[in-house]
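Notes to accompany the following structure.
The values are calculated or read from the model by the stated rules, or taken from the named source; none is laboratory data. Here the structure is a predicted model, which means the values were calculated and not measured. Cβ placement follows ideal geometry from the backbone for every residue including glycine, while neighbour counts extend to all protein chains displayed. In case anyone asks, the SASA skips ligands and DNA or RNA and just uses the protein heavy atoms, side chains included. Shrake-Rupley method; radii C 1.70, N 1.55, O 1.52, S 1.80 Å.
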Amino acid sequence: MLIELRFFAALRETLGVAAERVEVPAEVATVGALRDWLRARGGVWADALDLSRPVRAARNQRAGQPDTPLADGDEIAFFPPVTGG
Amino acid sequence: MDRIVVQAAAFDAGAEIASLREHDASVGAVAAFVGQVRDLNGAQGVDVLELEHYPGMTEASLAAIVADAHARWSLRGVTVIHRVGPLKPCDPIVLVAVASAHRGEAFQACEFVMDFLKTEAPFWKKETADGVSRWVEARERDDIAKQRWQGAGADEATQDKATHDKATHDKATEGTRARPRRA
């Protein structure tokens, strides 16, 4: 399954990546599973995406939850809690 | 009549308010909020506030918040302008202006849009003072401000009562007034 990853703000800076296209195994079927899969890369990925951190997610530019299902070609973004206004 | 813009350039709040109310005689009230960059570090250094956002999702998120406001209150128009890129203290950063027949809807909807913008629209602030940059952290009180509007139970009952009391009061002073529709 092909996923377009996007990272923003502090998370983008920590990971050193703004966008990345990844092929994920079929068992990575939800936004939460994708976060786990990315965390398994270790290093800054394990730390920045640790479950103790308040990371938010969006699927195809709409707010997503850990149980939000993934589909081929999805754009999945991870970012810190928002601070606009 | 809604206008939702994400831009680097400054905005003219007066002109935006005028365009919301002019040529629409059903508008009796415009409530507007302007947020501006604060100098959090006093007089030391030159502060820069850099606004990052998620192009596409930002506009969609703001449009959803404005649509939600329309579903809750009878509104004639909503303008939301949020700036991105580098800003300095005293720069205006966000404008929310709401036009309605009566002031109650305009006041409430303006605050509602700001409360949801601050907690849902994908903007992030990075502050630089004396050459040191840090990402601004989300504040719990912003989530609490949003939760007021989501309430079932006691919070909503309190809010409904306040709305009702205000409507009763307004009827005595202003004649008939439409009550906000609640989602």
Practice problem: For the protein assembly as shown, just list the percent of Cα-Cα distances falling in each 5 Å bin from zero outward, please. | Solution: 1, 5, 11, 14, 15, 14, 13, 11, 8, 5, 2, 1, 0, 0
Self-check item: Low-density loop cleavage sites - GluC sites (Glu not before Pro) in region A:18-85, where at most 14 other Cβ are within 10 Å (DSSP)
Solution: A:27
Exercise. Enumerate by residue number the GluC sites (Glu not before Pro) in region B:9-91 meeting two conditions: DSSP loop (anything except H, G, I, E, B), and at most 13 other Cβ atoms within 10 Å of the site's Cβ.
Key: B:22
Quiz item: Mind listing the phi-derived Karplus ³J(HN,Hα) values for region A:39-55, rounded to whole Hz, using 6.51, -1.76 and 1.60 with θ = phi - 60°, and x for any glycine or proline?
Solution: 5, 5, 5, x, x, 4, 5, 5, 6, 5, 9, 3, 5, 6, 8, x, 8
Quiz item: How much of the accessible area of the protein assembly as shown, in percent, comes from carbon and sulfur atoms when a 1.4 Å probe is used?
Solution: 53 percent
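Which order do B:110, B:90 take by accessible area at a 1.4 Å probe, largest first?
Descending order: B:90, B:110.
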Quiz item: Put simply, what bits of region A:68-85 lose 20 Å² or more of accessible area when the other protein chains are there, versus the chain on its own (1.4 Å probe)?
Solution: A:79, A:81, A:82, A:83, A:84, A:85
Quiz prompt | Relative contact order of chain A, defined on C-alpha pairs under 8 angstrom at six or more residues apart (%) | solution = 40 percent
Quiz item: Buried accessible area for the A:B pair, summed, 1.4 Å probe, in Å² rounded to 100?
Solution: 1700 Å²
Quiz item: When the solvent-accessible surface of protein heavy atoms is calculated with a 1.4 angstrom probe, in what order do B:74, A:52 fall, highest first?
Solution: A:52, B:74
